[in-house]
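Worksheet: the structure to be examined is printed underneath.
The values are calculated or read from the model by the stated rules, or taken from the named source; none is laboratory data. This structure is a prediction, so every number in the text was calculated from the model and none was measured. Note: ideal-geometry Cβ built from the backbone for every residue, glycine included; neighbour counts use all protein chains shown.
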Amino acid sequence: MGFPIAKLTSSSELFCLQNSCQFDVSISCNWMKNGNFSIPFFKLATFKPQRIQCYKKVETDFDERKSPNEVKKEIEQCYELINRLGRGVVYLGSSRMGPNHPHYDLSFELGREVASLLECTSWSGAGPGLMDAVTKGALQVGKPVGGFKIGKEAGEWTATKFHPYLPVERYLTCRFFSARKHGLVDAAVRATSSDRTAVIGLPGGIGTLDEIFEILALIQLERIGSSLPVPFILMNYDSFYSKLLDFLNDCEGWETVAKGEVASLWKVCNTNSEALTYLAKFYSLSPVP
């Protein structure tokens with residue numbers, strides 16, 4: 001017979017014992033002895049052994065979050081990096097779509113062509129996937145790049161503070177998401193009329209959607225582009241965002257957004273050619289041959 005015995009030793013650990021022998025057992029009831037919780041057993045029939053899973057609570061160290069000065073210091077470092085490398089086009093996209101994905105090749109080409117057209121710094125989360133694609137695209141044509149990295153992106157098993165090939169002076173590894181978001185937003189803000197910036201949303205998952213909708217809300221509330229508009233492009237490769245766009249259209253029927261409001265905040269492009277044409281027209285530039 002198999003029987004479990006549970007003992008609550010602390011709030012963080014639960015130990016489970018499993019006996020696979022077969023015999024009858026009789027144990028007297030003892031509910032609270034020496035602060036331990038025991039399960040009463042009586043004469044039992046024969047049971048088949050059962051699988052018992054044990055879990056241990058993992059404590060997370062949040063010491064670095066105790067002081068707001070730590071967050072403030074990291075935000076200041078983000079601004080220092082932007083001032084040194086220059087504002088430009090900010091890419092938001094998946095960390096999971098690697099070199100074997102068709103959207104990787106499209107993003108690489110877009111990063112290369114936009115960098116040549118706007119002649120500005122290309123910014124991203126300095127991670128793998130589509131962020132890596134646009135970074136390499138810009139580097140191929142000799143244009144500057146910058147990034148705000150986090151220790152571990154979605155889909156990665158290990159954390160690292162270092163980028164595999166960018167010089168350390170080209171990126172900042174952020175501990176705090178709030179600082180990273182400040183950096184990604186400010187890098188796209190046009191400080192002067194001569195600044196050529198943009199925000200480009202590539203296909204992505206939860207993190208990308210979070211960043212896209214934050215930028216969308218900031219433009220809606222005129223926190224970005226109130227004096228100098230910033231073009232916001234959503235790349236709808238292979239209809240990736242079509243269902244999301246349908247949902248936003250349905251929101252008009254529910255009156256949670258005004259009719260045509262969302263469409264006025266960004267430009268949805270299905271191809272790189274559409275995006276480049278839109279940016280060239282926005283900044284009165286000649287398209288890259």
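Quick notes
- All strands (runs of 3 or more DSSP E) inside segment 160-259 with 3 or more residues being at negative phi, touching a residue at least 60 places away in the same chain (Cβ under 8 Å) and not charged (D, E, K, R): 171-174, 198-201
- Odd one out for Met131 among (1) free of Cβ contacts under 8 Å to residues at least 40 places away in the same chain; (2) assigned to a helix (DSSP H, G or I); (3) not charged (D, E, K, R): (1)
- Of all residues in segment 127-137, exactly one satisfies the criterion of being under 24 Å from Arg175 (Cβ atoms) and surrounded by fewer than 24 Cβ atoms within 10 Å (Cβ to Cβ), namely Pro128.
- Which listed residue is surrounded by 11 or more Cβ atoms within 10 Å (Cβ to Cβ) and more than 21 Å from Ser122 (Cα to Cα), from Tyr278, Tyr241: Tyr241
A quick yes/no check of all residues on (1) under 26 Å from Ala191 (Cα atoms); (2) at pLDDT 95 or above:
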{"site": "Asp238", "(1), (2)": "no, yes"}
{"site": "Leu245", "(1), (2)": "no, yes"}
{"site": "Leu248", "(1), (2)": "no, yes"}
{"site": "Lys259", "(1), (2)": "no, yes"}
{"site": "Lys267", "(1), (2)": "yes, yes"}
{"site": "Asn272", "(1), (2)": "no, yes"}
{"site": "Leu279", "(1), (2)": "yes, yes"}
{"site": "Ser284", "(1), (2)": "yes, yes"}
{"site": "Pro287", "(1), (2)": "yes, no"}
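- Selected residue (only one of Val230, Val189, Val199 is within 13 Å of Val268 (Cα to Cα) and at pLDDT 95 or above): Val199
- Residues of segment 201-236 classified as surrounded by 20 or more Cβ atoms within 10 Å (Cβ to Cβ) and aromatic (Phe, Trp, Tyr), total: 1
- Of all residues in segment 164-200 being under 16 Å from the mean Cα position of the chain (by Cα) and aromatic (Phe, Trp, Tyr), the one that is surrounded by the fewest Cβ atoms within 10 Å (Cβ to Cβ): Phe177
- Evaluating Gly98 against the criteria (1) out of contact with any helix residue (DSSP H, G or I) (no Cβ under 9 Å at 6 or more places or on another chain); (2) over 22 Å from Val189 (Cα atoms) leaves one unmet condition, (1).
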